[in-house]
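Chemist: What follows is a structure written as structure tokens; I'll ask about it next.
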Amino acid sequence: MSNPLAPGSLADKRALVTGSSRGIGADTVGYLAEAGAKVVVNYRNKARRAEQIVEKVVAAGGSAIAVGADLTDHDSVQAMVDRVVAEWGGIDLLVLNASGGMEADLGEDYALRLNRDAQVDMLQTAVPHMPAGSRVVFVTSHQAHFVETAQTMDEYVPVAKSKRAGELALRELIPQLEAAGIEFVTVSGDMIEGTITATLLNRLNPGAIEGRRQEVGKLYSVSEFAAEIALAAVEPIPADHTKLVGDTSGFTA
């Protein structure tokens, strides 16, 4: 997958991508760095993976730092933002990519704490250090974005509802963001092949991935979806603050 961003198009921009030590977040970081952005590779417990991404960016002539943070812990989030501000002075692009909730050992309320509360806390902690002209990109799925109006797999309903709750909570902050000159967009994608979530759902509901592929004809890969997220950093903001990636049949009437 080639980089959809022009070389130098993000020169000197400071980007923080949550949950970016692997998968969609890691590929998004790669595209942003290649376009000239200084990138923060955020991780919860995959320090070596994050450091390897930083090493790759730096070897290619870019600028990157790896910063660990548990997004459900405010003090950890504050420490990460403080580190970025100390290094680079602020944040121009915040990509809220980290999500979860299918883990079995982190408590019944973990999905809501991570997908709603932590998203809002991450944004509010970053906002004082985001100048006018900055942008926030929230990453979600069609299964979550349309959960109120379309059926999704039973195994994913609690996570989908928590992610939708997070999106709605963030959207309530749009007037505050706009008053500060900060733009906001949600990027929602169909089932993405190669993600942990899709793999887990397929394990719980065998044939889920192949069934969706046959239904819509094409599923985006991790790198293809990451490219759409990267583009959302520079594209004009839609009137409804929403970018839909992939087929929406089965989710919309």
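Chemist: Take the stretch 48-82 and flag every residue that is more than 20 Å from residue 129 (Cα to Cα) and touching a Ser or Thr at 6+ places or on another chain (Cβ under 8 Å).
Modeler: Listed by number, the residues that qualify are 49, 50, 53, 57.
Chemist: Please tell me if residue 84 is modelled with pLDDT of 95 or more and open to solvent by less than 10 Å² (accessible area, probe 1.4 Å).
Modeler: It is true that residue 84 is modelled with pLDDT of 95 or more and open to solvent by less than 10 Å² (accessible area, probe 1.4 Å).
Chemist: Which of the following residues is surrounded by 21 or more Cβ atoms within 10 Å (Cβ to Cβ) and farther than 26 Å from residue 180 by Cα: 2, 63, 20?
Modeler: 20
Chemist: Same structure, new question: Go through the stretch 164-189 residue by residue and tally those that are touching a His at 6+ places or on another chain (Cβ under 8 Å) and open to solvent by less than 10 Å² (accessible area, probe 1.4 Å).
Modeler: 6
Chemist: Still on this structure, I have one more. Could you check the stretch 105-144 and list, in sequence order, the residues that are more than 19 Å from residue 17 (Cα to Cα), in contact with a strand residue (DSSP E or B) (Cβ under 8 Å, 6 or more places away or on another chain) and surrounded by fewer than 23 Cβ atoms within 10 Å (Cβ to Cβ)?
Modeler: none
Chemist: Quick one: how many residues across the stretch 66-81 are part of a helix (DSSP H, G or I) and either within 24 Å of residue 34 (Cα to Cα) or open to solvent by 20 Å² or more (accessible area, probe 1.4 Å) (or both)?
Modeler: Of the residues in that region, 7 qualify.
Chemist: Among the residues in the stretch 10-20, are any assigned to a loop (DSSP other than H, G, I, E, B) and modelled with pLDDT under 95?
Modeler: Yes, the conditions are met somewhere in the stretch 10-20.
Chemist: Please work out which one of (1) under 18 Å from the mean Cα position of the chain (by Cα); (2) under 19 Å from residue 192 (Cβ atoms); (3) not charged (D, E, K, R) is the condition residue 1 fails and give its number.
Modeler: Of the numbered conditions (1) under 18 Å from the mean Cα position of the chain (by Cα); (2) under 19 Å from residue 192 (Cβ atoms); (3) not charged (D, E, K, R), the odd one out for residue 1 is (1).
Chemist: Let me ask another. Which residue is nearest to the chain's Cα centre (by Cα), if the candidates are limited to the stretch 32-47 and must be crowded, with 24+ Cβ neighbours inside 10 Å and part of a helix (DSSP H, G or I)?
Modeler: 32
Chemist: Also: State all residues of the stretch 180-194 that are modelled with pLDDT of 90 or more and either among the basic types (Lys, Arg) or part of a strand (DSSP E or B) (or both); if no residue qualifies, say none.
Modeler: 183, 184, 185, 186, 187, 188, 189
Chemist: With the stretch 109-179 as the region, which helices (runs of 4 or more DSSP H) entirely inside it contain at least 1 residues that are of a type in the set (Ser, Thr, Tyr)?
Modeler: Passing ranges, in order: 118-126, 157-171.
Chemist: Now, a different point. Please indicate, with yes or no, whether at least one residue in the stretch 89-104 is over 24 Å from residue 171 (Cβ atoms), part of a loop (DSSP other than H, G, I, E, B) and touching a strand residue (DSSP E or B) at 6+ places or on another chain (Cβ under 9 Å).
Modeler: Checked the stretch 89-104: at least one residue is over 24 Å from residue 171 (Cβ atoms), part of a loop (DSSP other than H, G, I, E, B) and touching a strand residue (DSSP E or B) at 6+ places or on another chain (Cβ under 9 Å).
Chemist: If you don't mind, there's one more thing I want to ask. Can you tell me which condition residue 89 does not meet? The list is (1) in contact (Cβ under 8 Å) with a residue 40 or more places away in the chain; (2) in contact with a Ser or Thr (Cβ under 9 Å, 6 or more places away or on another chain); (3) not hydrophobic (A, V, I, L, M, F, W, C), and all the others hold.
Modeler: Checking residue 89 against (1) in contact (Cβ under 8 Å) with a residue 40 or more places away in the chain; (2) in contact with a Ser or Thr (Cβ under 9 Å, 6 or more places away or on another chain); (3) not hydrophobic (A, V, I, L, M, F, W, C), the one that fails is (2).
Chemist: Next question, about the same structure. What are the residue pairs meeting all of these: first residue in the stretch 234-247, first residue touching a residue at least 24 places away in the same chain (Cβ under 8 Å) and assigned to a loop (DSSP other than H, G, I, E, B), second residue open to solvent by less than 30 Å² (accessible area, probe 1.4 Å) and of a type in the set (Gly, Ala, Ser), Cβ atoms under 9 Å, and 6 or more apart or on different chains?
Modeler: 234/35; 246/188; 246/189
The values are calculated or read from the model by the stated rules, or taken from the named source; none is laboratory data. Keep in mind it's a predicted model, so treat the numbers as computed, not measured. Ideal geometry is used to build each Cβ from the backbone, glycine not excepted, and the neighbour counts take in all protein chains shown. These accessible areas exclude ligands, DNA and RNA; they are computed on the full protein's heavy atoms, side chains included. Shrake-Rupley method; radii C 1.70, N 1.55, O 1.52, S 1.80 Å.
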